[in-house]
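The values are calculated or read from the model by the stated rules, or taken from the named source; none is laboratory data. These numbers were taken from a predicted model, which means no experiment stands behind them. Here the Cβ is made from the backbone with ideal geometry for all residues, glycine too, and neighbour counts use every protein chain on show. Surface areas here come from the heavy atoms of the whole protein model, side chains and all, with no ligands, DNA or RNA. Shrake-Rupley method; radii C 1.70, N 1.55, O 1.52, S 1.80 Å.
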Amino acid sequence: MEHSFLLDAYRRCAEVLSEIALGASQNQVFETLQTIIEEMDEARFSSILRLNSHDGTLHLTVENRLPDFYNQAIQGLKVGPKVGSCGAAVFCNKPVIVNDVTTHENWTVFRELVEKANLGSCWAVPIVLSKGEVYGSFAIYSSSKAAPREEELEILTLAAHIAGVVIEKQKSENQLTFNATHDPLTRLSNRSLFDNLASQALRQSKRKREPICVLFIDINNFKYVNDHYGHDMGDRLLCLLADVLTQELREADIASRRGGDEFILALVGTGKEGAKVLIDRLCQHFMEAQKDLFTDYSVTMAIGVAESKKGNYLTISELIKQADVDMYRNKRLLKSNF
């Protein structure tokens, strides 16, 4: 490799760092890094894989120049100490350099695949984040059996580091956005996000001429729980209800903690009759779930419903007010029965 190619690669990597600072997306950065690697030698192919930490499998992040059948074959590959170069690099958290994939023990089960893809070698390094978490792998493939030049490994290691930088930045931005739009205790949508999402859902309901319901939920005797069992138990109860709501609602529905022990739901495409069915299910599920918290007490909910439908579409603010009034009416009825 000529010295000028190495300098150009370093210069372009520095430009990528500047692009990250200016807001380049993770995919844009990955694609640029792959291009930098591949333009150092026309016989090279690069690949960035992401680790699914839940099941230990590797997945493609962005398109690359490897054959489609090859990418499909390694999609979902489970990592291990002897699984190719990428699977081993991620599992062992260290570079794995294989100069001949047709004879190396790590590639025994992939021999037919690499021969079909006309690949001779593969050098992979792990992408490691700041706290030691392995995100995935960055690899260089060669069409010939070859050892990597020192400069190639330098650039590959640098590219993996830059990939880690953009991943960290994206994660930080996502966390900031989440914190700004979600309740810190229950992790449900906060008031501003709910109002935004529910208003969007209402507009879609109008276009489709479908109903939408808002439920206003208040935990009965929540003060008693805090006073007699402690505020930690009160927090656990709020989180328990949030979990119940998350499990029972559909993906299109929206759940929010309004504040204190008040929750609001938007049921998209659901009328009052459907809302009543959900309410019965929520109450039963909530009562069952409490058995893990209390041995001598149970908590109920007061729930109000408001519907917006064809011919009488109300705003989200109006729906919340109506559901609030209905909730207090139901709370008074509950008290009068005791």
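For segment 57-68, the criterion of being in contact (Cβ under 8 Å) with a residue 40 or more places away in the chain, open to solvent by 40 Å² or more (accessible area, probe 1.4 Å) and either in a helix (DSSP H, G or I) or hydrophobic (A, V, I, L, M, F, W, C) (or both) is met by none of the residues.
Cβ-Cβ distances below 6 Å connect the following pairs, each with a first residue in segment 37-48 that is closer than 13 Å to Pro148 by Cα, a second residue that is of a type in the set (S, T, N, Q) and open to solvent by 30 Å² or more (accessible area, probe 1.4 Å), and a separation of six or more residues or different chains: Ala43/Ser143. Evaluation of Ala252 against the conditions (1) within 29 Å of the chain's Cα centre (by Cα); (2) assigned to a loop (DSSP other than H, G, I, E, B); (3) closer than 18 Å to Tyr328 by Cα shows that the sole unmet condition is (3). You will find that of Gln72, Gln170, the residue that is open to solvent by 50 Å² or more (accessible area, probe 1.4 Å), under 14 Å from Ser47 (Cβ atoms) and in a helix (DSSP H, G or I) is Gln72 and no other. The residues listed here are Ser121, Ser137; of these, the one that is surrounded by 15 or more Cβ atoms within 10 Å (Cβ to Cβ), farther than 30 Å from Glu318 by Cα, of a type in the set (Gly, Ala, Ser) and touching a residue at least 40 places away in the same chain (Cβ under 8 Å) is Ser137. Contact map, segment 1-26: residues that are in a helix (DSSP H, G or I) paired with residues that are among the small types (Gly, Ala, Ser) and modelled with pLDDT of 90 or more, Cβ distance under 9 Å, separation 6+ or inter-chain. Pairs shown: Ala9/Ala159; Cys13/Ala159; Val16/Ala24; Val16/Ala159; Ser18/Ala24; Gln26/Ala163. When residues in segment 283-320 are screened for being in contact (Cβ under 8 Å) with a residue 40 or more places away in the chain, assigned to a helix (DSSP H, G or I), of a type in the set (A, V, I, L, M, F, W, C) and under 18 Å from Leu237 (Cα atoms), 2 of them pass.
Could you tell me which of the residues Gln284, Gln290, Gln247 is polar (S, T, N, Q) and under 13 Å from Ile219 (Cβ atoms)? Unique residue meeting the criteria: Gln290. For segment 172-220, enumerate the residues that are touching a Phe, Trp or Tyr at 6+ places or on another chain (Cβ under 9 Å) and either within 23 Å of Met287 (Cα to Cα) or of a type in the set (A, V, I, L, M) (or both). Once the filter is applied, which keeps residues that are touching a Phe, Trp or Tyr at 6+ places or on another chain (Cβ under 9 Å) and either within 23 Å of Met287 (Cα to Cα) or of a type in the set (A, V, I, L, M) (or both), segment 172-220 yields Thr186, Arg187, Leu188, Leu202, Ile212, Leu215, Phe216, Ile217, Asp218, Ile219.
Per the listing Val244, Val277, the residue uniquely open to solvent by 80 Å² or more (accessible area, probe 1.4 Å) and either of a type in the set (Gly, Ala, Ser) or modelled with pLDDT of 95 or more (or both) is Val277. Out of all the residues in segment 188-206, is one or more over 30 Å from Asn312 (Cα atoms) and either in contact with a helix residue (DSSP H, G or I) (Cβ under 8 Å, 6 or more places away or on another chain) or surrounded by 14 or more Cβ atoms within 10 Å (Cβ to Cβ) (or both)? No, segment 188-206 contains no residue that is over 30 Å from Asn312 (Cα atoms) and either in contact with a helix residue (DSSP H, G or I) (Cβ under 8 Å, 6 or more places away or on another chain) or surrounded by 14 or more Cβ atoms within 10 Å (Cβ to Cβ) (or both).
Remark: pairs (first residue in segment 253-266, open to solvent by less than 20 Å² (accessible area, probe 1.4 Å); second residue among the hydroxyl-bearing types (Ser, Thr, Tyr); Cβ separation under 6 Å; 6+ apart in sequence or on different chains) = Ser256/Ser189; Ile264/Ser256. Report whether or not Ile167 is in contact with a strand residue (DSSP E or B) (Cβ under 7 Å, 6 or more places away or on another chain) and farther than 25 Å from Val62 by Cβ. No: the conditions fail for Ile167. Applying the criterion of being in contact (Cβ under 8 Å) with a residue 12 or more places away in the chain and among the polar types (S, T, N, Q) to the residues of segment 88-118, the residue that is farthest from Tyr141 (Cα to Cα) is Asn93.
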